[in-house]
Amino acid sequence: MRHPPPPGTALEDPEPPARARRSWLVDAGCLALLLVTSWKLLHGLERGVDLSMWDEADYLRRGLTLSWSHLPAAEWGPLYSLWYTALSRLWPEPIALHTANFQVLCVLTSVGAYVFMRRMGARPLLALLGTAVYLLSAAPHVLPRPTLLALLVLELALVVASFLESWEEFWAVLAGGLLVASFARPEFFLAFLLASALFLGWLVRGAVRERHTGRGRRAAVAAGFVLGVLLLLQGLGNPFGDTKNRRFYAFCQHFAYQHVQHTHEPVDPWNQCPRVIRSVFGDVDSVGAALRANPKAFLWHVGTNVKAFADASLALFTPGPGGLSATWGPWDPARAERVLLLAALGALGAGLLWRWRRWRAALAEPRLQRMLWVLALVEVPTLLSALLLMPRKHYLIIQGVFVLALFMLLGTLVDAAAPRRVRGAVGGLLALGLALLTPNLAERLSATTGSTPARQVHLRRVRAIEALGLVERLPPGERLPLLEAEGGYDAYLGPRSYYAVLHYTPGVSFEELLREHKVAAILLTDALRRHPRFQDDRLFHAFEANPEDFGFTLLPLSASGGALALRSPGHVEPSRAGLERR
C-alpha cells in the first residue's frame, strides 16, 4: 500500500526512490536494536518470574493435552491453546514452555509493531519510539496472554493488507485477521463482523462504479474470503457461540468484584459471584436480564468502569516492566529510560499541537484514514468489554498499541519538519538509551523482593512436589488427584500425571471431594484455607488439625510456604461420624 501522496500533503515521504536501499538498512538496524533490547530485557527470565496461575495455566494445560483430548470451544480461545501446542514441540517441559511463550510473544509482537507501523507510514525513528514504549511498558507482562497472540495476528494482517491496492482487498485481509484473532480473544468476533460489512460495502461500491472492469478480481476476492471464513468457523467453531454462558459469568465476576469493593461485603467475588448477582438482580442468567432487573445497579457498574477507563489505559504504558514506576522510587538507569521515553512522547505531542494546521491535509492521506478505520474497529469490542465487564489491562493492550501507531503516524508531521541532523541526533540517543539503559527483568524483580525465592512461590512449590517422585509410584496410565486452590499446579506438574479436583463438581464439600475423587494429595496453603467451600467446613478444619486421622501424612514444602498432605497407602477412610466423635 504505497500510494504516492500528491505533492504538498502532510505525510509525503521526503525520501526519493534512490534512497530505498538506505531505508532498508535503517529498518534492519532498528529491528536488530529491538532484538538486542528484547534479549537484554528478557534473558534469564526463569530466575525472576513466577509461574502464572488460573487462566494462563488453563490455556497451557489445554495446549499440552490437545494430542489426547478435544479442542476447547471457540469462546475459550482455542488458538492460544494451539499456540501452546506448537511451542511445546520446542519446549516440552511445562515450566520452560511457560517462560518461552512469554519471551517469544513479547519479541514477535514488538517486531510486528515496528513493521506494521512502518508499513502504515511511520518514519523509522517514530516506529522505533512507538515500539520501544510498548516493549518497555507493563503491557506485554499483563496476564493472561492470549491478547498478545491476538495482537500478533492483527499486526501480521495489517502488514499483509498494506501491500494491497484496493479497499476491498484491504478489508478482506483485515476481516480475516480479526476472525483469526477472535479465536484468541472472542470479543474481536464483533470487530470481524463490522469489518466484513465494510468489505461487502466496498465490493458493492466497486461493482456499481466499475461494472465492466475488475469483475473477475472482485469475484476471486469474495470467494476466497467466504471460503476462508467457512473453513475457520467449521474447524474452530463460533467465538460468539457461548455454549457455557461464559459472557454472563464474566459479567457476574466483574460486577461482584466492583460491588464488593464498594460495599466491603465478606464475599469472594471470583468464587461466589452468583451470590452477589442474586442479591442485586435476582435469578437472572444474561447481561440483558440483569439490566432489565435492576437498571440502577447495572448503570452504576458501567459508570464505575467509565470513570476507571482512562486511568486503566494509561496505567498500561506509563509504568515500565516489572511494575517500574516512572515517578517514584530510587533513581536508576531503568527509571531514567522510562522517563526519557515518556518525555519523547510528550515532546512529539507538543510538536503535533504546534503543527495543528497541517492536520487537515494529514487526515486526507489514505494510510492515515485506514489506520483510523482500524482503530475504530478495534475500539468497539475493547470498549464493550471494558465498560460492561471492567477495564482490566488485558482488554486494553491492543487498543494501546494501535493508538501508539496512530500517534507515530501523525508524528510524521513533526519528523518531516525537523532538520536531518536533529533527527539523526534524536535517533542516536534513542538507540544508545535502548542499548545501555534497558534493565534485565529477572535481576530487577529479584532486587525488588530482596531474593528470588520470595518471588517464585509457585515455582518452588512445583519443584518441591516434583522432588518427591510421586508420579513414579503411580500405576501406568493413572493420574494423581490433587486438591489445591491456586489454580494451575497440575498444568506445570504435568497434566498427564496430575489433575486438579477443585475444578470439578463446584460447591461440593471437603468430605465429598475426598470421597468422590479419592484425593491423593492436598496442597495446604492460605488460598485453600480461605476458599469459600472450606472456610466454614468443620471437616476441613478437623483435617487441618490432624491429617493423620484422615490417612494423610503432612510434608512441609521448605522455603516456599504451605505443606503437602499425602494419602498413606492402604488407608481406609474413617466415617464422618467416627471423626466427629474424636
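Some observations on this one:
- Set L79, L25, L71: member being at pLDDT 95 or above and farther than 26 Å from V462 by Cα: L79
- Comparison of A223, A312 shows that the only residue that is hydrophobic (A, V, I, L, M, F, W, C), at negative phi and surrounded by 14 or more Cβ atoms within 10 Å (Cβ to Cβ) is A312.
- Meets criteria (farther than 21 Å from L190 by Cα, open to solvent by 20 Å² or more (accessible area, probe 1.4 Å) and more than 23 Å from the chain's Cα centre (by Cα)) for R360: yes
- Those strands (runs of 3 or more DSSP E) of region 459-573 in which at least 1 residues are loosely packed, with under 15 Cβ neighbours inside 10 Å and β-branched (V, I, T), considering only elements entirely within it, cover 552-556.
- Qualifying positions in region 257-310 - touching a residue at least 24 places away in the same chain (Cβ under 8 Å) and charged (D, E, K, R): D268, D285
- Candidate set: region 408-438, residues that are open to solvent by 20 Å² or more (accessible area, probe 1.4 Å) and part of a loop (DSSP other than H, G, I, E, B); chosen: the one nearest to M117 (Cα to Cα): A418
- Checklist (1) closer than 17 Å to L105 by Cβ; (2) in contact with a Ser or Thr (Cβ under 9 Å, 6 or more places away or on another chain) applied to E75, failing item: (1)
- Residue in region 69-89 that is open to solvent by less than 40 Å² (accessible area, probe 1.4 Å), in contact (Cβ under 8 Å) with a residue 12 or more places away in the chain and in contact with a Lys or Arg (Cβ under 6 Å, 6 or more places away or on another chain) present: yes
- Verdict on A347 being over 16 Å from L404 (Cβ atoms), surrounded by fewer than 17 Cβ atoms within 10 Å (Cβ to Cβ) and of a type in the set (A, V, I, L, M): no
- Complete set of residues in region 209-240 that are in contact (Cβ under 8 Å) with a residue 60 or more places away in the chain and among the aromatic types (F, W, Y): F240
- Scanning region 554-582 for residues that are of a type outside the set (A, V, I, L, M), at pLDDT 85 or above and within 15 Å of L514 (Cβ to Cβ) turns up just one, R567.
The values are calculated or read from the model by the stated rules, or taken from the named source; none is laboratory data. Bear in mind the structure is a predicted one, so any value in this text is a computation, not a measurement. Positions of Cβ are backbone-derived with ideal geometry, glycine not excepted, and every protein chain shown enters the neighbour counts. Accessible surface is based on the protein model in full, side chains and every heavy atom, while ligands, DNA and RNA are left aside. Shrake-Rupley method; radii C 1.70, N 1.55, O 1.52, S 1.80 Å.
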